[in-house]
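Let me begin by presenting the structure, written as structure tokens, before commenting on it.
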Amino acid sequence: MPPHVAFLHTSPVHVATFDRLMQALAPTVAVTHVVDEALLADAQRLGLGDAPLVARVQATMARAAEGGASLVVCTCSTLGGPAEHVPTAGRFTAARIDRAMADRAVRRGRKVLVVAALASTLAPTEALIRESAAAARAEVALRSHVAPAAWALFERGDRLGYIAAIAREVRQHCGDADTVVLAQASMAPAAEALVDLGVEVLASPVLGVQAIAAHFRRAAA
């Protein structure tokens, strides 16, 4: 079968982003998308300790593979943990888009600032970075910050306002951080607005798609 990746998103805005990145970085890989906005809404309401919610996330990941995808990637940082650990029985590989970002963050410096637009994203992202640090045997000092007004702008469809709000918060709270991690895929354009900051600002989409391309190169070797 030809290489095929399926993405699980919790917002339809990510479909075009990941289509564009896959076309640029892995053009021979077939791409399909599943969008389930209710999963994120319920994660905010119920928390990731809710067993039925975890089961739904994992069932949706498995359903995304049914079209022939050998790799299924969750682009929602809040849901990345349960999505990545779905039982696959060898039928496909489950992954989260932000793991490559976390791996890079712990290589870039000891002081890491995590910025999120949703509070529900902080704990999963912090846990992921600590996993990456443990695997790399690196010491990391984590600080976290929620951009308080940003998510309401995203929900209203004010993408420019959303990115501007995130960039403002990063500038105000960067301090002595070596690296800034933008916890959600939707925040990625803020990295371009912060190129003058003097520290690396990491976002998950490009790094994650680079990891996807590498996965399929290894599979073909």
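The mean sequence distance of close C-alpha pairs (under 8 Å, at least 6 residues apart), as a share of the length of region 102-214, puts its relative contact order at 29 percent. Under the combined filter of DSSP loop state and at most 16 neighbouring Cβ atoms within 10 Å, region 109-150 retains these GluC sites (Glu not before Pro): 139.
Loop sites here are trypsin sites (Lys or Arg not before Pro) outside DSSP states H, G, I, E and B with no more than 10 other Cβ atoms within 10 Å. The longest part of the chain free of them is 1-136. The HN-Hα couplings worked out from phi for region 172-183 by the Karplus form 6.51 cos²θ - 1.76 cosθ + 1.60 (θ = phi - 60°) are 6, 10, 4, x, 9, 4, 7, 9, 10, 10, 8, 5 Hz, whole numbers, x standing for Gly and Pro. Against the longest principal axis of the chain, how steep is helix 122-136, in degrees 0 to 90 to the nearest 10, with axes from Cα atoms? The two axes meet at around 80 degrees. Comparing 95, 127, 117 in a Gaussian network model of the chain (Cα springs below 10 Å), the most mobile by mean-square fluctuation is 127.
Each 10 Å bin from zero up to the one holding the largest Cα-Cα distance in region 95-221 carries the following percent of pairs: 14, 45, 31, 9, 1. Angle between the Cα long axis of helix 204-220 and the longest principal axis of the chain, 0 to 90 degrees, nearest 10? Orientation of helix 204-220: about 30 degrees from the principal axis. When you restrict to C-alpha pairs under 8 Å that are six or more residues apart and normalise by the size of region 4-84, the relative contact order lands at 44 percent. Shown for the chain: the carbon plus sulfur share of the solvent-accessible area, taken with all protein chains present and a 1.4 angstrom probe, equals 54%. Per residue, the accessible area of the chain comes to 46 Å², computed with a 1.4 Å probe over protein heavy atoms only. Volume of the convex hull of the chain (Cα atoms only), normalised per residue: 121 Å³.
The alpha-carbon atoms of region 55-150 define a convex hull whose volume equals 106 cubic angstrom per residue.
Against the empirical 2.2 N^0.38 Å (N residues), region 164-211 has a Cα radius of gyration ratio of 1.08. For region 6-92, the pair-distance distribution built from all alpha carbon pairs, in bins 5 Å wide starting at 0, is 3, 15, 26, 24, 18, 10, 4, 1 percent.
The values are calculated or read from the model by the stated rules, or taken from the named source; none is laboratory data. What you see is a predicted model, and the numbers here were worked out from it, not measured in a lab. In this analysis, Cβ positions are derived from the backbone assuming ideal geometry, glycine residues included, and neighbour counts consider all displayed protein chains. All accessible areas refer to the heavy atoms of the entire protein, side chains included, with ligands and DNA or RNA removed. Shrake-Rupley method; radii C 1.70, N 1.55, O 1.52, S 1.80 Å.
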